[in-house]
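Inspection log for the structure reproduced underneath, given as structure tokens.
The values are calculated or read from the model by the stated rules, or taken from the named source; none is laboratory data. All values reported here derive from a predicted model rather than from experimental measurement. Here Cβ is always computed from backbone atoms with ideal geometry, including for glycine, and neighbour counts include all displayed protein chains.
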């Protein structure tokens with residue numbers, strides 16, 4: 001006897017993969033991902049276009065300080081002249097440094113603006129440049145320290161690098177945090193998107209009344225499984241395509257980087273400006289950047305990470321997918337789904353909220369419990385894995401997840417088989433409980 | 001007698017509600033069997049049990065002498081009353097899908113589908129989306145996928161609803177053709193005229209119980225109340241005398257002089273058609289004589305009402 005689950009699975013797969021939406025998502029996904037990686041740096045490169053400010057320095061201490069600033073500071077005689085210039089549109093703003101307080105170690109400056117608030121980065125820049133100048137001035141006045149020596153002390157810096165005691169590998173905590181968040185979010189997103197697709201598929205079959213025809217050829221459980229597994233394959237296909245496309249895109253960008261063109265160098269610099277990799281490097285260090293990326297990939301144990309991602313992706317998806325199907329079976333149209341959605345959405349949202357905590361303390365009790373309990377574990381555990389999780393916890397978590405999806409599928413299938421043929425009766429929780437207990 | 005389908009003592013309960021209460025229905029091979037009953041009587045539940053969509057709580061169903069099992073899925077074709085198609089699928093893909101679920105290989109399904117589509121003149125719809133088709137067009141496709149795998153038992157639930165008269169006739173011819181080819185057909189409907197026209201046997205279910213079954217002819221005869229249509233050549237005097245011998249229910253004068261079209265009834269227990277004929281002959285020349293059997297519609301209403309009153 002030919003397995004009808006397989007026939008259903010094929011239909012679910014092909015009709016969905018052929019949809020325009022799938023194609024668009026598949027193309028857009030990697031582009032967005034890569035864009036997300038490079039956008040902050042690119043935006044910084046483009047930055048706000050530099051503006052011209054009037055500088056009214058009554059102390060005469062800071063005339064040189066802003067020479068190297070991003071924005072241009074033009075020295076103006078007094079605030080009246082500056083304001084006149086602003087009104088004419090010559091200056092975007094005016095920086096007034098009053099003489100009062102110049103004696104103390106605190107200098108108050110006022111940045112006038114007319115139309116738009118000065119950006120945080122402008123204020124930061126002014127502060128740091130002026131602070132440096134102020135320290136220099138104070139040092140000269142209060143001590144006989146050599147300015148060069150002062151410069152040297154002033155630039156002292158501390159970097160903490162964490163390293164595995166046994167292997168000596170460097171751990172890139174910040175990168176791991178990002179990876180953790182991305183993986184957790186991917187699982188969350190996929191469960192939601194594909195779960196709702198299953199749900200609307202079930203509602204479609206029910207409201208189209210094709211279900212009665214289907215069910216005379218296929219057992220409800222076969223139909224349910226065909227749908228759930230078919231969608232799982234659609235999800236895996238999408239992930240695979242995303243992976244391949246992202247890899248190709250980054251490789252293309254990487255190759256351009258090797259060529260040493262101006263743009264590519266900026267790209268490489270952008271990569272290096274990701275957290276944990278220090279400030280942007282000079283163009284000549286493109287190669288070094290590549291080496292560092294290599295090291296990061298190694299420190300993440302990318303292979304086992306991907307393997308766990310696959311396991312938790314499938315586990316989490318299977319746990320929720322049939323529940324989404326059961327909701328679809330319990331209602332007659334999309335609008336009625338709300339009352340049943342919260343038991344499914346709340347644990348998912350909780351999971352993604354907990355991830356933020358996990359990043360701060362990957363071994364805390366909240367992180368531990370939510371990564372063991374099946375309803376949140378796919379999201380939370382995935383976020384913990386980059387930081388390292390004891391094997392027994394992984395085994396327990398995965399074991400419970402398997403039990404969880406078997407249990408949820410069993411319950412969902414019992415609701416589904418009754419619900420799909422139930423018209424005119426609005427499902428309530430009491431009603432669903434009755435359906436679960438119905439005999440075959 | 002060989003029964004293709006033999007349901008014995010079927011009981012189905014949903015919670016406290018009993019949908020079928022010890023219903024036994026036997027469908028002989030090669031006949032068109034009408035499954036009748038008011039809305040909510042339990043017909044759909046019975047059909048769902050035959051289709052193994054749901055299982056009975058008590059009783060058993062034999063198909064070709066064997067207890068119903070998953071293999072029988074491929075030997076049954078079911079056109080539900082509430083029928084639909086995937087709106088966004090192409091007609092051809094859709095039909096191929098449903099055919100494969102009934103166990104046909106892709107090749108076989110494609111071959112048979114094209115044959116049927118050509119027969120119905122709908123081959124050009126193959127690549128069109130279901131959503132673009134009218135309801136009548138969709139019904140044709142549903143009919144085709146129901147019979148495509150050549151099942152020995154076909155179940156049509158209200159097949160004519162939504163068909164225009166021309167397509168209804170087409171469908172009726174196809175159903176009769178299927179019967180001629182040896183298929184057994186269960187036909188559930190409210191349309192009593194079509195029952196008289198095409199059904200060989202019927203079963204009437206009311207409030208989850210079977211209250212009547214048998215051959216259509218037998219049932220109509222059984223419900224006969226000895227009413228006859230008669231053309232009598234007589235005279236007004238003789239006609240008056242006749243009225244005292246039998247009950248004249250209608251007397252329609254005809255154009256021809258001395259010819260009367262009558263509807264007459266024999267009193268209870270006063271004999272059969274021959275007695276009536278004998279009586280009539282004494283009052284004139286019988287030109288035409290036929291028994292007026294009650295319509296299935298009357299029988300349906302009468303039986304259901306009687307069952308209600310007995311409660």
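Residues in segment B:98-121 that are assigned to a helix (DSSP H, G or I), free of Cβ contacts under 8 Å to residues at least 24 places away in the same chain and within 14 Å of chain A (Cβ to nearest Cβ): B:100, B:101, B:106, B:107, B:108. Search segment A:197-250 for residues being touching a strand residue (DSSP E or B) at 6+ places or on another chain (Cβ under 9 Å) and touching a residue at least 24 places away in the same chain (Cβ under 8 Å), and hand back the single one that is surrounded by the most Cβ atoms within 10 Å (Cβ to Cβ). Among residues in segment A:197-250 that are touching a strand residue (DSSP E or B) at 6+ places or on another chain (Cβ under 9 Å) and touching a residue at least 24 places away in the same chain (Cβ under 8 Å), the one surrounded by the most Cβ atoms within 10 Å (Cβ to Cβ) is A:217.
Being over 30 Å from residue B:18 (Cβ atoms) and touching a strand residue (DSSP E or B) at 6+ places or on another chain (Cβ under 6 Å) holds for only one residue in B:212, B:262, and it is B:262.
Residue B:124 passes every criterion in (1) over 25 Å from residue B:187 (Cα atoms); (2) more than 9 Å from every other protein chain (Cβ to nearest Cβ); (3) in contact (Cβ under 8 Å) with a residue 24 or more places away in the chain apart from (3).
Among the residues of segment B:217-256, just one is over 28 Å from residue B:299 (Cβ atoms), in a loop (DSSP other than H, G, I, E, B) and touching a helix residue (DSSP H, G or I) at 6+ places or on another chain (Cβ under 8 Å), namely B:234. Does residue A:91 fit the bill of being in contact (Cβ under 8 Å) with a residue 12 or more places away in the chain, touching a helix residue (DSSP H, G or I) at 6+ places or on another chain (Cβ under 9 Å), in a loop (DSSP other than H, G, I, E, B) and within 26 Å of residue A:142 (Cβ to Cβ)? Taking the combined requirement at face value, the residue does not satisfy it.
Based on what the data block shows, is residue A:187 in contact (Cβ under 8 Å) with a residue 40 or more places away in the chain and within 14 Å of chain B (Cβ to nearest Cβ)? Taking the combined requirement at face value, the residue does not satisfy it. The set of residues in segment B:12-44 being over 17 Å from the mean Cα position of the chain (by Cα), crowded, with 20+ Cβ neighbours inside 10 Å and either under 22 Å from residue A:419 (Cβ atoms) or free of Cβ contacts under 8 Å to residues at least 24 places away in the same chain (or both) consists of B:12, B:19, B:20. Would you check if there is a residue in segment A:317-336 being without any contact (Cβ under 8 Å) to a residue 24 or more places away in the chain and either closer than 30 Å to residue A:201 by Cβ or surrounded by fewer than 23 Cβ atoms within 10 Å (Cβ to Cβ) (or both)? Yes, segment A:317-336 has at least one match. The condition of being under 24 Å from residue B:51 (Cβ atoms) and more than 9 Å from chain A (Cβ to nearest Cβ) holds for only one of B:95, B:131, that being B:95.
Of the strands (runs of 3 or more DSSP E) lying entirely inside segment B:16-84, the ones with 2 or more residues being at pLDDT 90 or above and more than 14 Å from chain A (Cβ to nearest Cβ) are found at B:17-28, B:32-36, B:58-63. Taking segment A:340-440 and the helices (runs of 4 or more DSSP H) fully enclosed by it, the elements with 1 or more residues that are surrounded by 12 or more Cβ atoms within 10 Å (Cβ to Cβ), at pLDDT below 90 and within 14 Å of chain B (Cβ to nearest Cβ) are at A:391-419, A:429-437.
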